[in-house]
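Step one of this worksheet: look at the structure below.
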Amino acid sequence: MVLYMRKTVKIRALLFIFLMCFMSAMSYANQTRYIEGKDYTRIAGIPEKQQPVVREFFSYNCPHCYRQDATFDEMARLLGKNITFVRTPVGAGREPWILSQKAYFLAQKFKVVRQVHSAIFKRIHMQEGDFKNEQDVVNFFVKQGLQVNEVKAALASADASLALSNYDLQTQLSGIRGVPSLLVNGQYLVNSTSQTPEQLSQLIQYLSQLPLKKDK
């Protein structure tokens, strides 16, 4: 009976050691499965007042952004309230893209982003095509229930000019080479957005925990 108990204790001890080694190995694997230069790139950085945060650089005119919008929505849902998801519309010096920046500014200003975000994508890629001028933008928002005078006043305001300047500055500092792009905490750029929502959310959670580095 004593011999049996000793064997049982020994087996349990060995199982405990094996379990600890396995957990340690898994922890190490989780820490090293993402590689700088392969999975993400560290940039000089843009200031983010709120952290942790993942910022999507996009354009309503971009077909890839349109196709991946649902993926990013699901990614944001998986991240939940722990990591804030925000967007920056990219102008790239193209008039239709700049008009789309103005559309996003209006959506933010009038707090109708959820209402109109998908509708703008569909308007451009499935219905009427690019916005041709500011009047197209005004007409779109009036159809969404906003007052024409308020929309025109917002477009002519200093806030609109400031917002577009901020969009362009964020884009320039981010160093992105195309859209859509994802930037975590203003410093860690996801190298490939062609992943599942689950894969993206896991990578973003990992990057959000990395320390912010200051270049010397």
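The values are calculated or read from the model by the stated rules, or taken from the named source; none is laboratory data. Since this is a predicted model, take the numbers as computed values, not measurements. Cβ: placed from backbone, ideal geometry, glycine included. Neighbour counts: every protein chain shown. Areas reflect the complete protein model, heavy atoms only, side chains present, ligands, DNA and RNA absent. Shrake-Rupley method; radii C 1.70, N 1.55, O 1.52, S 1.80 Å.
In table form, for the structure just shown:
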| read-out | value |
| --- | --- |
| Residue among GLY186, GLY178 that is within 20 Å of GLY91 (Cα to Cα), part of a loop (DSSP other than H, G, I, E, B), among the small types (Gly, Ala, Ser) and open to solvent by 20 Å² or more (accessible area, probe 1.4 Å) | GLY178 |
| Where ASN191 falls short, out of the listed (1) surrounded by 19 or more Cβ atoms within 10 Å (Cβ to Cβ); (2) under 13 Å from the mean Cα position of the chain (by Cα); (3) over 18 Å from ASN82 (Cα atoms) | (1) |
| Which numbered condition PHE131 fails, given (1) aromatic (Phe, Trp, Tyr); (2) in a loop (DSSP other than H, G, I, E, B); (3) open to solvent by 40 Å² or more (accessible area, probe 1.4 Å) | (3) |
| Boolean, PHE141 is farther than 13 Å from ASN61 by Cα and not charged (D, E, K, R) | yes |
| Where a residue in region 118-133 is without any contact (Cβ under 8 Å) to a residue 40 or more places away in the chain and its partner, wherever it lies, is part of a loop (DSSP other than H, G, I, E, B) and of a type outside the set (Val, Ile, Thr), with Cβ under 8 Å and at least six apart | ALA119/GLN144 |
| Spans of helices (runs of 4 or more DSSP H) in region 1-114 with at least 3 residues modelled with pLDDT of 95 or more and exposed (fewer than 15 other Cβ atoms within 10 Å of the Cβ) | 63-79 |
| Among the candidates LEU155, LEU169, residue that is under 20 Å from ARG55 (Cβ atoms) and either modelled with pLDDT of 95 or more or open to solvent by 30 Å² or more (accessible area, probe 1.4 Å) (or both) | LEU169 |
| Where GLY145 falls short, out of the listed (1) touching a residue at least 60 places away in the same chain (Cβ under 8 Å); (2) loosely packed, with under 12 Cβ neighbours inside 10 Å | (1) |
